[in-house]
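*Asks:* My questions will all concern the structure given below.
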Amino acid sequence: MPRLVLPLCALLLLAGGHARAGFDRYLTGRAADAEAGTTSGALLLAGGGGDVDDAFRWFARRAGGGDIVVLRASGADGYNDYLHREIGGVDSVETIVFHDRESASAPPVLEIISRAEGIFIAGGDQSRYVRFWAGTPLAALLEEHVRRGRPLGGTSAGLAVLGQFAFSAREPGDLTSPLALRDPFDPRITLEHDFLSIDLLRGVITDTHFMARKRLGRALAFLARLQEAGPPRLLALGIDEGTALCLEADGTGRVLSRSQEGAVWLLVPTRPAELARGTALTFRDVRVVAIGPESDFNLQRLEVSRPRASSLVSCIDGRLSQTP
């Protein structure tokens, strides 16, 4: 029979309490801790704009069929039925919705996360994730989760915070490519360093809804700004809507998509950008590779077999051009 799911705050009210919890919990499936099969420290990187069923089936297998925890800072239990009943193959799905920073240190939350075989960060507003989680025990547990050989994933805003570098969207307003190219020091370009530290994504910044929202230009601006910090390795992964990159623990990856046009875009600088405040971006010869479902990809070695397309993209005084 379908399980009745109530958020924690509703349970408090039923019990006669009046204080609103700093987080809500929604559970579908068994409350007992699962005896899961073998897990893998894999990563599911999804671009938003529609979930990819096969990618979540892959994720469930990497979680050993155990307990999945979904983290979010808005919404409710939208993934519970989808993952538990439609995708299937997992013992339970529990969603935690955060309303404040204090909840990222709450013992019940940390206990749930520490037991999870798989953790997935939903879409929404990545600035809330950064404000609520940066430097907290929860962030440390997410890193430990991957080190223990358990899968982690995110979509849209949840993907935006997974790399070593992240666009935090702390400032209001839509950061479009024309704005970012016209002024790479625009105050809306808010970049976080080491919000999470995951070995597979060392030196990586991600961007979402990539081609649908024409985000190539702003990804170039992100890379140009991040070069100032001098990381030994720096690249961007732009992921299209309805598309996911399934990364194994060894760095090999597979692209799955709901669309024939869906791709993952690998951006690798080959030379320093020319940056000056008050001046449009000049950034020459960034290698851009489109990785499709037909491609083989190794993130560790930056190798792509059978790429869908490959070119050098340059930005001169804020204007984009490309050569094969």
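*Asks:* Among the candidates Ser314, Ser259, which residue alone is of a type in the set (Ser, Thr, Tyr) and either assigned to a strand (DSSP E or B) or crowded, with 20+ Cβ neighbours inside 10 Å (or both)?
*Replies:* Values: Ser259 fails: either assigned to a strand (DSSP E or B) or crowded, with 20+ Cβ neighbours inside 10 Å (or both).
The match here is Ser314.
*Asks:* In addition: Being among the acidic types (Asp, Glu) and part of a helix (DSSP H, G or I) is the filter here, so list the residues in region 74-85 that pass it. Step through it out loud before you land on a result.
*Replies:* In the first step, residues of region 74-85 are kept if they are among the acidic types (Asp, Glu); the result is 77, 81.
Within region 74-85, Asp81 is the sole residue that qualifies.
*Asks:* Surrounded by 22 or more Cβ atoms within 10 Å (Cβ to Cβ) and either free of Cβ contacts under 8 Å to residues at least 12 places away in the same chain or among the hydrophobic types (A, V, I, L, M, F, W, C) (or both), is that true of Phe167? Give the derivation first.
*Replies:* Values: surrounded by 22 or more Cβ atoms within 10 Å (Cβ to Cβ): yes; either free of Cβ contacts under 8 Å to residues at least 12 places away in the same chain or among the hydrophobic types (A, V, I, L, M, F, W, C) (or both): yes.
In short, yes.
*Asks:* Same structure again: What helices (runs of 4 or more DSSP H) completely inside region 120-216 contain at least 1 residues that are in contact with a strand residue (DSSP E or B) (Cβ under 6 Å, 6 or more places away or on another chain) and under 24 Å from Tyr79 (Cβ atoms)?
*Replies:* On the way: elements: 126-133, 137-147, 157-160, 177-182.
Correct list: 126-133, 137-147, 157-160.
*Asks:* Sticking with this structure for a sec: Looking at region 73-125, which of the residues that are under 18 Å from Gly158 (Cα atoms) and among the hydroxyl-bearing types (Ser, Thr, Tyr) is surrounded by the most Cβ atoms within 10 Å (Cβ to Cβ)?
*Replies:* Thr95
*Asks:* Going by the structure shown, is Val70 farther than 21 Å from Ile198 by Cα, among the aliphatic types (A, V, I, L, M), surrounded by 24 or more Cβ atoms within 10 Å (Cβ to Cβ) and modelled with pLDDT of 95 or more?
*Replies:* On the way: farther than 21 Å from Ile198 by Cα: no; among the aliphatic types (A, V, I, L, M): yes; surrounded by 24 or more Cβ atoms within 10 Å (Cβ to Cβ): yes; modelled with pLDDT of 95 or more: yes.
Against the criterion (farther than 21 Å from Ile198 by Cα, among the aliphatic types (A, V, I, L, M), surrounded by 24 or more Cβ atoms within 10 Å (Cβ to Cβ) and modelled with pLDDT of 95 or more), Val70 does not qualify.
*Asks:* Of everything in region 217-229, what is assigned to a loop (DSSP other than H, G, I, E, B) and of a type outside the set (A, V, I, L, M, F, W, C)? Give them in sequence order. Break it down stepwise before answering.
*Replies:* The first filter runs over region 217-229 and keeps only residues assigned to a loop (DSSP other than H, G, I, E, B), leaving 228-229.
Within region 217-229, Glu228 is the sole residue that qualifies.
*Asks:* For a quick check of your reading of the model, give me the residue pairs whose first member lies in region 280-295 and is closer than 12 Å to Ser310 by Cβ, whose second is of a type in the set (Phe, Trp, Tyr), with beta-carbon atoms closer than 7 Å and at least 6 apart or on different chains.
*Replies:* Val288/Trp265; Ala290/Trp265; Ile291/Phe297
*Asks:* In region 230-256, how many residues are outside any loop (DSSP other than H, G, I, E, B), among the small types (Gly, Ala, Ser) and more than 23 Å from Gly118 (Cβ to Cβ)?
*Replies:* Final tally of qualifying residues: 2.
*Asks:* Here's another thing I want to ask about it. For region 86-111, enumerate the residues that are in contact with a strand residue (DSSP E or B) (Cβ under 6 Å, 6 or more places away or on another chain), among the hydrophobic types (A, V, I, L, M, F, W, C), closer than 23 Å to Arg61 by Cα and not in a loop (DSSP other than H, G, I, E, B).
*Replies:* Once the filter is applied, which keeps residues that are in contact with a strand residue (DSSP E or B) (Cβ under 6 Å, 6 or more places away or on another chain), among the hydrophobic types (A, V, I, L, M, F, W, C), closer than 23 Å to Arg61 by Cα and not in a loop (DSSP other than H, G, I, E, B), region 86-111 yields Val93, Ile96.
*Asks:* Working only within region 48-72, note down all residues that are under 14 Å from Gly158 (Cα atoms) and part of a loop (DSSP other than H, G, I, E, B).
*Replies:* Correct list: Gly48, Gly49, Gly50, Asp51.
*Asks:* Separate question: Test each condition in (1) part of a loop (DSSP other than H, G, I, E, B); (2) under 21 Å from Ser156 (Cα atoms) for Gly37 and report the one that comes out false.
*Replies:* (2)
*Asks:* Continuing with this model, one more query. Spot the failing condition for Ala221; the list is (1) of a type in the set (Gly, Ala, Ser); (2) surrounded by 16 or more Cβ atoms within 10 Å (Cβ to Cβ); (3) on the phi > 0 side of the Ramachandran plot; (4) touching a Pro at 6+ places or on another chain (Cβ under 6 Å), and only one is missed.
*Replies:* (3)
The values are calculated or read from the model by the stated rules, or taken from the named source; none is laboratory data. These figures come from a predicted structure and were not determined experimentally. No Cβ is skipped: glycine too gets one built from the backbone with ideal geometry, and neighbour counts run over all protein chains shown.
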